[in-house]
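> Have a look at this one before I ask anything.
The values are calculated or read from the model by the stated rules, or taken from the named source; none is laboratory data. All figures in this text were calculated on a predicted structure; none of them were measured in a lab. Cβ sites come from the backbone with ideal geometry, for glycine too, and all protein chains shown count toward neighbours. Keep in mind that these areas ignore ligands, DNA and RNA; they rest on the heavy atoms of the full protein, side chains included. Shrake-Rupley method; radii C 1.70, N 1.55, O 1.52, S 1.80 Å.
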Amino acid sequence: MYNAVGIDASKFKITVTVIQPAGIVIRKPFDVLHTSNELNTLVTYLKSLEGETRAVIECTGRYHEPVVKSLEDAGIFISAVNSKLIKGQKQNSLRKVKSDPADARKIARYALDNWAELRQYSSMDTIREQLKTLNSQFDFFMKQKVAAKANLISLLDNTYPGVNKLFDSPAREDGSEKWGDYAYSFWHVDCVRKIGLKAFTERYEAFCKKHHYNFQKGKPAELFETAKQLVAVFPKEKSYKLLIHQSIQQLNLASEHIEILRKEMNQLASTLPEYDTVMSIYGVGETYGPQLIAEIGDVSRFTHREAITAFAGVDPGVNESGQFRQRSNRASKNGSTKLRKTFFQIMTTYLQNKPVNEPVYQFLDRKRAEGKPYLVYMTAGANKFLRIYYGKVKECLHNLEQDSLPPEES
């Protein structure tokens, strides 16, 4: 006998119901608080049920995670399902009812209808959840960095216009850049042109030595001549210096957080079986690779390519009725906005580097040549990239699964 457990999760509690085939209700919806005592009581009850028991919970932010962990640790089959799949479940009712008990019953019916296809939560999913959490924080600090950088440049345009374009040195391991360190020491054009070329050269050489930059003999004269032509709006006052110094410190702090998270994400992603395969795909580096793995998750839960493109929201919609068929449809834009942002960044890498032998770039270039709008060819390119990603990663996981089987089973 099958026991389908439907669990609707909220911030402080879950609503649970248990049904069997033919709509037999074993336990009407009841609430369980997110406490160890009540979750342990739930585990004991589910283990006492006769027959095979499978629990399904809807992925709702982070609210489902304590329940998943408790049931998974207890050895109970638990499957965390995308909320859009649950939403598409038929209700067989003309009334529109939205309540926790109704949602729990709907999830339980979904469990029965998809019993054989339910995917059990695993330890690998725990790693993927950690990676997704890190990616969320990475996105948060990246937004802070972008805002801090824009604010700093806005201030410097009034004291030292264009200082952020004076150097082309790459960012350091901690995320700091040479132009930021330079602006901290020479925050106003008068810090350069009012002290004379000789004094500035000595100060600039000391600056390079302090921050471990290579000193180029011709650079001080170049910076000095440029500073002489610039017009500063703000006077060289202590209050403006304080604002700029604080802005630089804020930018460097956000950059440091980002680099720490980038390394941690890459290290965590490297423990997953598909890591090497993902990193071998063109346009994917130590930043985009972990982000893709974090937001896409385990591709084995997608039965075909159309499923994963729908999950990412880069699939074209369908609008047909009778003999009418709309030829051009907007992308659905379901799923993670962070994932689609990563796709667009990867597509930008393709367009900048122009790898003529890469299928994705060939496709992008062809769509551009056809005169397609920017969003159209970028979304289409993301769709093609994701299909290639799906094929390669799915094959990788399949091969690893075959290798792990005993010779007689493989």
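> Quickly run through segment 213-269 and pick out the residues that are open to solvent by 60 Å² or more (accessible area, probe 1.4 Å) and either in contact with a strand residue (DSSP E or B) (Cβ under 6 Å, 6 or more places away or on another chain) or small (Gly, Ala, Ser) (or both).
Listed by number, the list holds a single entry, 239.
> Can you report the number of residues in segment 292-306 which are open to solvent by less than 30 Å² (accessible area, probe 1.4 Å) and either assigned to a loop (DSSP other than H, G, I, E, B) or more than 12 Å from residue 128 (Cβ to Cβ) (or both)?
We begin by selecting, within segment 292-306, every residue open to solvent by less than 30 Å² (accessible area, probe 1.4 Å); these are 292-299, 302.
Add one more test, that the residue is either assigned to a loop (DSSP other than H, G, I, E, B) or more than 12 Å from residue 128 (Cβ to Cβ) (or both), and what stays is 297-298, 302.
The total comes to 3.
> Further question: Would you check which residues across segment 125-162 are small (Gly, Ala, Ser) and in contact (Cβ under 8 Å) with a residue 40 or more places away in the chain and list them?
Within segment 125-162, 136, 148, 162 meet the criteria.
> Please work out which residue is nearest to residue 77 (Cα to Cα), limiting yourself to segment 133-151 and to residues that are open to solvent by 40 Å² or more (accessible area, probe 1.4 Å) and of a type outside the set (A, V, I, L, M, F, W, C).
The qualifying residue nearest to residue 77 (Cα to Cα) is 133.
> Which residues, taken from segment 163-176, are under 23 Å from residue 241 (Cβ atoms), of a type outside the set (Gly, Ala, Ser) and touching a residue at least 40 places away in the same chain (Cβ under 8 Å)?
Result: 166, single match.
> Now a separate question. Just name the residue that is least open to solvent (accessible area, probe 1.4 Å) out of those in segment 191-212 that are assigned to a loop (DSSP other than H, G, I, E, B) and farther than 30 Å from residue 264 by Cβ.
Residue satisfying both the conditions and the ranking: 196.
> Look at segment 242-279 and say how many of its residues are in a loop (DSSP other than H, G, I, E, B) and either in contact (Cβ under 8 Å) with a residue 24 or more places away in the chain or within 17 Å of residue 150 (Cβ to Cβ) (or both).
Step one: of segment 242-279, the residues in a loop (DSSP other than H, G, I, E, B) are 270-274.
Filter once more, so that each one left must be either in contact (Cβ under 8 Å) with a residue 24 or more places away in the chain or within 17 Å of residue 150 (Cβ to Cβ) (or both): 271-274.
The total comes to 4.
> Right, another one. When you go through (1) crowded, with 18+ Cβ neighbours inside 10 Å; (2) in a helix (DSSP H, G or I) one by one for residue 188, which number turns out not to apply?
Going through (1) crowded, with 18+ Cβ neighbours inside 10 Å; (2) in a helix (DSSP H, G or I) one by one, residue 188 breaks only (2).
> If you take the residues of segment 123-159 that are more than 18 Å from residue 177 (Cβ to Cβ) and of a type in the set (Gly, Ala, Ser), which of them is modelled with the highest pLDDT?
Among those residues, the one meeting the criterion is 136.
> Go through (1) open to solvent by 40 Å² or more (accessible area, probe 1.4 Å); (2) more than 30 Å from residue 74 (Cα to Cα) one by one and return the number of the condition residue 119 breaks.
(2)
> Name the single residue that is surrounded by the most Cβ atoms within 10 Å (Cβ to Cβ) among those in segment 33-75 being in a helix (DSSP H, G or I) and of a type in the set (Gly, Ala, Ser).
So, considering only residues that are in a helix (DSSP H, G or I) and of a type in the set (Gly, Ala, Ser), the one surrounded by the most Cβ atoms within 10 Å (Cβ to Cβ) is 70.
> Let me ask something else about it. Filter segment 2-28 for residues that are at negative phi and open to solvent by 40 Å² or more (accessible area, probe 1.4 Å) and give the result.
Correct list: 2, 11, 12, 13, 21, 24, 25, 26, 27, 28.
> While we're here: Among the residues of segment 377-408, what is the count of those that are at pLDDT below 90 and either touching a helix residue (DSSP H, G or I) at 6+ places or on another chain (Cβ under 9 Å) or among the hydrophobic types (A, V, I, L, M, F, W, C) (or both)?
So the count comes out to 5.
> Moving on. Check off (1) open to solvent by 60 Å² or more (accessible area, probe 1.4 Å); (2) in a helix (DSSP H, G or I); (3) within 17 Å of residue 250 (Cβ to Cβ) for residue 130 and give me the number that stays unchecked.
(3)
> Something else: When you go through (1) modelled with pLDDT of 90 or more; (2) more than 21 Å from the chain's Cα centre (by Cα); (3) open to solvent by less than 40 Å² (accessible area, probe 1.4 Å) one by one for residue 347, which number turns out not to apply?
(2)
> I need the full set of residues from segment 342-363 which are in contact (Cβ under 8 Å) with a residue 40 or more places away in the chain and in contact with an Asp or Glu (Cβ under 9 Å, 6 or more places away or on another chain), in order please.
Of everything in segment 342-363, those that are in contact (Cβ under 8 Å) with a residue 40 or more places away in the chain and in contact with an Asp or Glu (Cβ under 9 Å, 6 or more places away or on another chain) turn out to be 342, 350.
> Same structure again: Scan segment 213-241 residue by residue and report those that are out of contact with any Ser or Thr (no Cβ under 9 Å at 6 or more places or on another chain), of a type in the set (Gly, Ala, Ser) and not in a helix (DSSP H, G or I).
Of everything in segment 213-241, just one residue is out of contact with any Ser or Thr (no Cβ under 9 Å at 6 or more places or on another chain), of a type in the set (Gly, Ala, Ser) and not in a helix (DSSP H, G or I), namely 218.
> Show the residue pairs that are 6+ apart or on different chains and have beta-carbon atoms under 7 Å apart, the first residue being within segment 306-318 and within 10 Å of residue 386 (Cα to Cα), the second being of a type in the set (D, E, K, R) and at pLDDT 85 or above.
Short answer, once both residue conditions are applied: 309/387; 312/340; 314/340.
> Still on this structure, please answer the following. Against the condition open to solvent by less than 30 Å² (accessible area, probe 1.4 Å) and either of a type in the set (Lys, Arg) or modelled with pLDDT under 90 (or both), how does residue 324 come out, does it pass?
Spelling it out, it is not the case that residue 324 is open to solvent by less than 30 Å² (accessible area, probe 1.4 Å) and either of a type in the set (Lys, Arg) or modelled with pLDDT under 90 (or both).
> Kindly indicate the residue of segment 80-122 that is assigned to a loop (DSSP other than H, G, I, E, B) and either modelled with pLDDT of 75 or more or within 21 Å of the chain's Cα centre (by Cα) (or both) and also nearest to residue 311 (Cα to Cα) among those meeting that condition.
82
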